[in-house]
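Single-structure report; data block below.
The values are calculated or read from the model by the stated rules, or taken from the named source; none is laboratory data. Since the model is a prediction, treat every value here as computed from it, not as a measurement. Here the Cβ is made from the backbone with ideal geometry for all residues, glycine too, and neighbour counts use every protein chain on show.
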Amino acid sequence: MELLIKISDETATELSERAKEVGEDLAEYAAGMLERTRKSTRTSRELSGPLADQFRASGMTEDELGEFLEDVKHKVRREDGLIKD
C-alpha cells in the first residue's frame, strides 16, 4: 500500500538523517518505523487485562475511580512519610 502523509520540515530532516545513518532511504526508514510501532502497540484491553473487567463490574464511574485512586495515592504517601497530615 502506498500512503501519502505530510510531516514538518524539521521531522523530515531528522528522519532523513536517521535513515542515512542506517543506510535506508527516507520512505523505507519511515515505513519501517510505522511497522515497528504497529507491532509493538497493544490495545487497552491487552494492557489492562482483568482490571478493566473488574472496573466495569464494579459499577463505579470514571470520576469515582479517579477519586478512589487519588485517595489511595495520598494514603500511600502518608504511610511512606512523604506527606504529613
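Per-structure values
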{"quantity": "Residue in region 32-76 that is surrounded by the most Cβ atoms within 10 Å (Cβ to Cβ), counting only those that are small (Gly, Ala, Ser) and over 21 Å from the mean Cα position of the chain (by Cα)", "calculated": "Ser58"}
{"quantity": "Selection from region 20-41 of residues that are more than 20 Å from Met1 (Cβ to Cβ) and hydrophobic (A, V, I, L, M, F, W, C)", "calculated": "Val22"}
{"quantity": "Filtered residue count, region 14-27, keeping only those that are surrounded by 12 or more Cβ atoms within 10 Å (Cβ to Cβ) and in a helix (DSSP H, G or I)", "calculated": "8"}
{"quantity": "Hey, Ser8 farther than 30 Å from Leu69 by Cβ, surrounded by 12 or more Cβ atoms within 10 Å (Cβ to Cβ) and either polar (S, T, N, Q) or in contact with a strand residue (DSSP E or B) (Cβ under 7 Å, 6 or more places away or on another chain) (or both) or not", "calculated": "no"}
{"quantity": "Every pair of residues 6+ apart whose Cβ atoms lie under 8 Å, when the first sits in region 25-48 and is at pLDDT 90 or above while the second is in a helix (DSSP H, G or I) and loosely packed, with under 10 Cβ neighbours inside 10 Å", "calculated": "Tyr29/Val22"}
